[in-house]
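For reference, the structure is listed below as structure tokens.
The values are calculated or read from the model by the stated rules, or taken from the named source; none is laboratory data. No experiment lies behind these values; they were computed from the predicted model shown. All Cβ positions, even for glycine, are placed from backbone atoms using ideal geometry, and neighbour counts span all protein chains on display.
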Amino acid sequence: MAILYKKYKKYYYMFIIPALLLYALALLVPMFLGTIPYSFENWNLMSGSRSFAGINNYIKLLSDKDFWHAFLFNISIGIWTIVGSNVLGFIIAYFLNKKIRARGVIRALFFIPNIISAVLVAFIWTFIFAQILPNLAEIMGWDWLGNISWFGSPGTASFTIILVSIWQQIGFLMIIYTAGLQTVPEELIEAGKMDGCTGFRLVRYIQLPLLMPTITINLFVSISGAFKAFDVPNAMTAGGPYGSTMTAAMDIYQEAFVRYNLGYGAAKSVVLFAAVAAVTLIQLHFTRKREVEL
Amino acid sequence: MKKKRLLAAGLAAMMTLSLAACGSSGGDSDADSGSGSNGKVKLSMSVWNGNWAEDLQAFEDDFNSKNEDIELDVTMQTGDYSDWLGASTASNDLPDIYLLTPYAQVQSFASAGRIMDLSDEPFVDKVYPQALDAGKGADGTVYAYPANYEYLGVFYNKTLFEQAGIESVPTTPDEFVDACEKLQAAGIQPLGSTFKESWTLKHLFSALLTPFVQDDIPGFIDSLNSGKGTFDVDGIDQVFDFLDIVKEYNVNNMMDQDSTAGYNALANGEVAMLLTGEFSLATVAAADPVQEIGVFAMPVSSDPSQNKLSVDVGICYVINAETKHPEECKRVLEYMSNPDEEGGYMQLVSSDPGDAMPAMPFDGGAESPARTDYETYVDAGNTIPWVYQQYAAGFDVESGDIVQGYMSGAADRDTIISELNEAYQNYITE
């Protein structure tokens, strides 16, 4: 391993550098030269007034109940979305890993939501919730269904966002789980079966532990995705009703581009960044520890 | 190895940060464009997106064919216009001519010295006097060409009203309730909704509030901007009473209805009334058969003389104060504000149903029963502006979100009023 690594070292770098350069240009440079310095400024885009604010933006943020409400909302939909999409993604991947007919087609069908733009996804689901379900309820005579106002209360509006987020993310996570399941050596499964480990126990004690690297990746993707949630909630509810489904990213957007307080918006995104970095690092620490080497 | 992991995790998480980092990029840097190689003066113009791409192209072609020394380039910003505006302002990258929203935005750009004084331009004598206010700076000087008049009101189905035996349009809340009762008795759904989208509630709340502050709008706005004002004005109870009527006679699950659903319900004759603006008429005209939709002022006040049609300027054209070609820019505005220009801007952008009409007397443009009603109000001077356009910039969006709380039943009137008052404080810039 080590010898190979040395031999091919320069090729590794050659593969990494183009992507890293793009990444640095598009993200690191704006962040260190833009967002972080801006967060210490009082900068109103419209009036053009700009002055050094020290840590005032951060102090103001501590008592900004709208931002923290949005942040907590991220966490609450995040938990549901992360657990829901990972569990369902794994279950689908598990069953589609068995030899069933047309599984390639079925996998593709599950993956499609992932490649449709979030705005379109939201449009489709809004139509389902607001038009199709009430019509269905009327035809079937199900008053309980017809009387649910899907976007009329914070609870149901959150539910629609969670459901749609899960539906959208499931395909991607499923593909990664599928790839992971296929790396589990057949002989280990065989050996397990001979020793009488079958069904759920086979999944629990053999496949899942060997899937830990995949789980690490998927949790990482879905956790950071949950904190960044913007497009689906924005297109589904636009934060409504009554600002109850506003996510932190939407709040940052409003601060910077509706209220035009760029400095304060930048401070909010630095805080969001620090929070995501902290949570994902903790997650990496714990899931990495449970990874087993073959 | 551990360091690498930290680095990798850190890098990936940084992606979340890119949101507010785009302040210094974007925007076409055409403001400093000079003369082209063909000897023509190049002018850049930016407008927001909408279903007017074809009209804009035709306008650009028409203008350039009539003005051989100028090459006008009209760009429709495809993304969010306010993002683009903020970014271009921050990087001092604004085009020669661009669009602003009336009142607050024009005033803020004027006081920052970004836009040109237009008080001697020909349009000043052509547009309706009230419309001119929309393009004035805080000092009362005209800085913008108010290019259109939009209107908000109760859009109603004349046929369904006849079927229900309603002889004249309601002018007070009591008459409005009567009309709703008659419609219900005739098996017709009285009202439709667009309330899933909070911007429609920003419109509605503004249209209901303005009648009660119409006598002194500058005073009302000044008091808000001084931080001492309140939305608890005389008549605010009638605003909420009217919202209660709107809730009572609305469709089931009205909070699930977005603007598309609302316009469709009106256009297909499923509802007799929708509280909306002239922009809904495009959907109405596309339906088959086309319903006969008129408009009347929202009857919010029990004093019918207070209820007027909400008519205000929707877009304002301004000239960059730093343009190198002020005279040519002014020629563009003169062309745009000329109602007799055959095949010109004004005729192009008002030709489709649902288009707003120019803010001046104009014979062309798409006809509709609603337009006829609207003109009756305008000719009688029976109109009020949209007060939300004069709020401190940005508050209008939040006002819709807050009023959505009342419509969804999440908050009572006192909470809504105090939240409006508190939220306004965040938008006051000293």
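Exactly one of (1) polar (S, T, N, Q); (2) within 10 Å of chain A (Cβ to nearest Cβ); (3) in a loop (DSSP other than H, G, I, E, B) is unmet by B:Gln404. Its number?
(3)
From (1) under 18 Å from the mean Cα position of the chain (by Cα); (2) among the aromatic types (Phe, Trp, Tyr); (3) not assigned by TED's automatic domain parsing to the domain that holds B:Val284, pick out the condition that doesn't hold for B:Tyr377.
(1)
Quick one: count up the residues across segment A:243-294 that are charged (D, E, K, R) and closer than 30 Å to B:Gly394 by Cβ.
Of the residues in that region, 4 qualify.
Please pick out the residue among B:Asp139, B:Asp125, B:Asp133 that is modelled with pLDDT under 95, surrounded by 18 or more Cβ atoms within 10 Å (Cβ to Cβ) and either in the same structural domain as B:Leu348 (by TED's automatic domain parsing) or of a type in the set (A, V, I, L, M) (or both).
Going through B:Asp139, B:Asp125, B:Asp133 in turn, the sole match is B:Asp133.
If we keep just the residues of segment B:370-404 that are among the charged types (D, E, K, R) and either farther than 16 Å from B:Lys202 by Cβ or touching a strand residue (DSSP E or B) at 6+ places or on another chain (Cβ under 6 Å) (or both), which is surrounded by the fewest Cβ atoms within 10 Å (Cβ to Cβ)?
B:Asp379
For residues in segment A:237-253 being part of a helix (DSSP H, G or I) and facing another protein chain (nearest Cβ under 7 Å), which is surrounded by the fewest Cβ atoms within 10 Å (Cβ to Cβ)?
Top of the filtered list is A:Tyr253.
How many of the residues making up segment A:152-176 are over 16 Å from the mean Cα position of the chain (by Cα) and touching a residue at least 12 places away in the same chain (Cβ under 8 Å)?
4
How about segment B:270-318: which strands (runs of 3 or more DSSP E) wholly inside it have at least 2 residues that are closer than 26 Å to B:Phe123 by Cβ and touching a residue at least 12 places away in the same chain (Cβ under 8 Å)?
Qualifying strands (runs of 3 or more DSSP E): B:309-313.
I need the full set of residues from segment A:274-293 which are surrounded by fewer than 23 Cβ atoms within 10 Å (Cβ to Cβ), touching a residue at least 12 places away in the same chain (Cβ under 8 Å) and part of a helix (DSSP H, G or I), in order please.
A:Ala275, A:Val279, A:Thr280, A:Gln283, A:Leu284, A:Thr287, A:Arg288
Filter segment B:338-373 for residues that are at pLDDT 90 or above, in contact with an Asp or Glu (Cβ under 7 Å, 6 or more places away or on another chain) and not assigned by TED's automatic domain parsing to the domain that holds B:Gly137 and give the result.
B:Pro369, B:Ala370
Test B:Ser351 against the stated conditions and say whether it is in contact (Cβ under 8 Å) with a residue 24 or more places away in the chain and buried (at least 23 other Cβ atoms within 10 Å of the Cβ).
So B:Ser351 fails the test.
For B:Gly229, which of the numbered conditions (1) within 14 Å of chain A (Cβ to nearest Cβ); (2) part of a loop (DSSP other than H, G, I, E, B) fails to hold?
(1)
Given the criteria of a type in the set (A, V, I, L, M), loosely packed, with under 10 Cβ neighbours inside 10 Å and part of a helix (DSSP H, G or I), does A:Ile16 qualify?
no
Exactly one condition in (1) away from chain A (no Cβ under 14 Å); (2) farther than 26 Å from B:Ser368 by Cα; (3) touching a Gly at 6+ places or on another chain (Cβ under 6 Å); (4) in contact (Cβ under 8 Å) with a residue 60 or more places away in the chain is false for B:Met255; which is it?
Condition not satisfied by B:Met255: (1).
Got at least one residue in segment B:140-154 being among the hydrophobic types (A, V, I, L, M, F, W, C), free of Cβ contacts under 8 Å to residues at least 24 places away in the same chain and not in a helix (DSSP H, G or I)?
No, segment B:140-154 contains no residue that is among the hydrophobic types (A, V, I, L, M, F, W, C), free of Cβ contacts under 8 Å to residues at least 24 places away in the same chain and not in a helix (DSSP H, G or I).
What's the number of the only condition in (1) away from chain B (no Cβ under 14 Å); (2) in a strand (DSSP E or B) that A:Leu4 fails to meet?
Here A:Leu4 meets the rest and fails (2).
Would you be able to tell me the number of residues in segment A:134-148 that are in a helix (DSSP H, G or I), of a type outside the set (Val, Ile, Thr) and more than 9 Å from chain B (Cβ to nearest Cβ)?
Matching residues across segment A:134-148 total 8.
Please find, within segment B:407-419, the residue that is nearest to the other protein chains (Cβ to nearest Cβ) out of those that are among the hydrophobic types (A, V, I, L, M, F, W, C) and in a helix (DSSP H, G or I).
Checking each candidate, the answer is B:Met407.
Return the total of residues in segment B:244-269 being more than 22 Å from the chain's Cα centre (by Cα), in a loop (DSSP other than H, G, I, E, B) and within 24 Å of A:Met236 (Cα to Cα).
Count: 4.
Looking at B:Glu422, B:Glu328, can you tell me which residue is over 23 Å from B:Phe242 (Cβ atoms), out of contact with any helix residue (DSSP H, G or I) (no Cβ under 8 Å at 6 or more places or on another chain), within 14 Å of another protein chain (Cβ to nearest Cβ) and in a helix (DSSP H, G or I)?
Exactly one of B:Glu422, B:Glu328 is over 23 Å from B:Phe242 (Cβ atoms), out of contact with any helix residue (DSSP H, G or I) (no Cβ under 8 Å at 6 or more places or on another chain), within 14 Å of another protein chain (Cβ to nearest Cβ) and in a helix (DSSP H, G or I), namely B:Glu422.
Taking the options B:Ala393, B:Ala370, B:Ala380, name whichever one is over 29 Å from B:Glu248 (Cβ atoms), among the small types (Gly, Ala, Ser) and away from chain A (no Cβ under 14 Å).
B:Ala380
Would you pick out the residues in segment A:254-272 that are at the interface with chain B (Cβ under 7 Å from one of its Cβ atoms), in contact with a Phe, Trp or Tyr (Cβ under 7 Å, 6 or more places away or on another chain) and not aliphatic (A, V, I, L, M)?
Residue satisfying the conditions is A:Arg259 alone.
If B:Asp73 satisfies every condition in (1) touching a strand residue (DSSP E or B) at 6+ places or on another chain (Cβ under 7 Å); (2) crowded, with 23+ Cβ neighbours inside 10 Å; (3) not in a loop (DSSP other than H, G, I, E, B) but one, which is the exception?
(2)
Is it the case, given these coordinates, that A:Val221 is more than 7 Å from every other protein chain (Cβ to nearest Cβ) and either closer than 30 Å to A:Leu188 by Cα or surrounded by fewer than 20 Cβ atoms within 10 Å (Cβ to Cβ) (or both)?
Criteria met by A:Val221.
Quick check on B:Gly343: is it farther than 23 Å from B:Phe123 by Cβ, touching a residue at least 12 places away in the same chain (Cβ under 8 Å), in contact with a helix residue (DSSP H, G or I) (Cβ under 7 Å, 6 or more places away or on another chain) and in a loop (DSSP other than H, G, I, E, B)?
no
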